[in-house]
Amino acid sequence: SQTIHQWPATLVQPVGSPLSLECTVEGTSNPNLYWYRQAAGRGLQLLFYSVGIGQISSEVPQNLSASRPQDRQFILSSKKLLLSDSGFYLCAWTGRAAYNSPLHFGNGTRLTVT
Amino acid sequence: SQQGEEDPQALSIQEGENATMNCSYKTSINNLQWYRQNSGRGLVHLILIRSNEREKHSGRLRVTLDTSKKSSSLLITASRAADTASYFCAGGVNYGGSQGNLIFGKGTKLSVKP
């Protein structure tokens, strides 16, 4: 069966510090991978998605970036965090024909920028 | 832009009652999906209804879709305290190839009191 791992679960970082969140998927090949951000009491905002190694599409211009160095690994990064980067970050995967497939989410990372 | 808008934003009911949540969306979709999120966790896929379907059932869940009104509803029958969570709708849109994405609403927070 497929599983998705996301870490760390919580993170407190000062403004201006770098960020690296990692997500890995097991039990499937060639997944579509996604990073979402959820602000408190809000819906999910799609940040990045990837259909293959090295292929990243950005939905929202910001100081975040994403990389996919391996088929089942997706990394969210920032060189310098802003206060507005605080939120709940969720990694997700889906199979081909992404729009017609359910998303499978990790348990999220709660990021607080102080 | 927000594709799905859930209504109400919050719903409080007693155990055993039915809970109905509504979702409206703006553009044409290929499918409408409902997700559940327990506090501080990732989202869990509940049900997917395709644009050519009008109603779908899964256990205590009943979903309807009215493409002419661009709306969907999720009914949870005989609710339990364990159903307490936020519920999100998401429209699946095909942007071509495999790069479809889901666009989420802000969610309905359901509280089921024992």
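What number goes with the only condition from (1) without any contact (Cβ under 8 Å) to a residue 40 or more places away in the chain; (2) under 12 Å from the mean Cα position of the chain (by Cα); (3) away from chain A (no Cβ under 11 Å); (4) surrounded by fewer than 20 Cβ atoms within 10 Å (Cβ to Cβ) that B:N22 does not pass?
Among (1) without any contact (Cβ under 8 Å) to a residue 40 or more places away in the chain; (2) under 12 Å from the mean Cα position of the chain (by Cα); (3) away from chain A (no Cβ under 11 Å); (4) surrounded by fewer than 20 Cβ atoms within 10 Å (Cβ to Cβ), B:N22 violates only (1).
Quick check on this structure: which one of A:G54, A:G27, A:G95, A:G16 is within 14 Å of chain B (Cβ to nearest Cβ) and of a type outside the set (A, V, I, L, M, F, W, C)?
After ruling out the rest, the residue left standing is A:G95.
In the set B:S86, B:S79, B:S73, which member is assigned to a strand (DSSP E or B) and away from every other protein chain (no Cβ under 11 Å)?
B:S73 is the lone residue from the list that is assigned to a strand (DSSP E or B) and away from every other protein chain (no Cβ under 11 Å).
Collect the residues in region B:25-63 that are more than 8 Å from every other protein chain (Cβ to nearest Cβ), polar (S, T, N, Q) and surrounded by 17 or more Cβ atoms within 10 Å (Cβ to Cβ), keeping them in residue-number order.
Scanning region B:25-63 gives a single hit, B:Q37.
When you go through B:A78, B:A10, B:A82 one by one, which is the residue that is farther than 25 Å from A:L90 by Cβ, out of contact with any Cys (no Cβ under 9 Å at 6 or more places or on another chain) and open to solvent by 30 Å² or more (accessible area, probe 1.4 Å)?
B:A78 is the lone residue from the list that is farther than 25 Å from A:L90 by Cβ, out of contact with any Cys (no Cβ under 9 Å at 6 or more places or on another chain) and open to solvent by 30 Å² or more (accessible area, probe 1.4 Å).
How many of the residues making up region B:29-69 are outside any strand (DSSP E or B) and farther than 30 Å from A:P8 by Cβ?
The qualifying residues number 11.
Can you tell me how many residues within region A:40-62 are closer than 23 Å to B:A85 by Cβ and at pLDDT below 85?
So the answer is 4.
Checking the condition among the small types (G, A, S), modelled with pLDDT under 95 and touching a helix residue (DSSP H, G or I) at 6+ places or on another chain (Cβ under 6 Å), which residue from B:G91, B:G100, B:G96 passes?
B:G100
Mind listing just one residue for me: the one in region A:97-114 that is of a type outside the set (S, T, N, Q) and more than 18 Å from A:E26 (Cβ to Cβ) and, of those, surrounded by the most Cβ atoms within 10 Å (Cβ to Cβ)?
By that ranking, first place goes to A:A98.
The values are calculated or read from the model by the stated rules, or taken from the named source; none is laboratory data. None of the values given here were measured: they were computed from a predicted structure. Cβ atoms come from the backbone with ideal geometry, glycine included; neighbour counts cover every protein chain shown. What goes into the accessible areas is simple: the full protein's heavy atoms, side chains included, and nothing from ligands, DNA or RNA. Shrake-Rupley method; radii C 1.70, N 1.55, O 1.52, S 1.80 Å.
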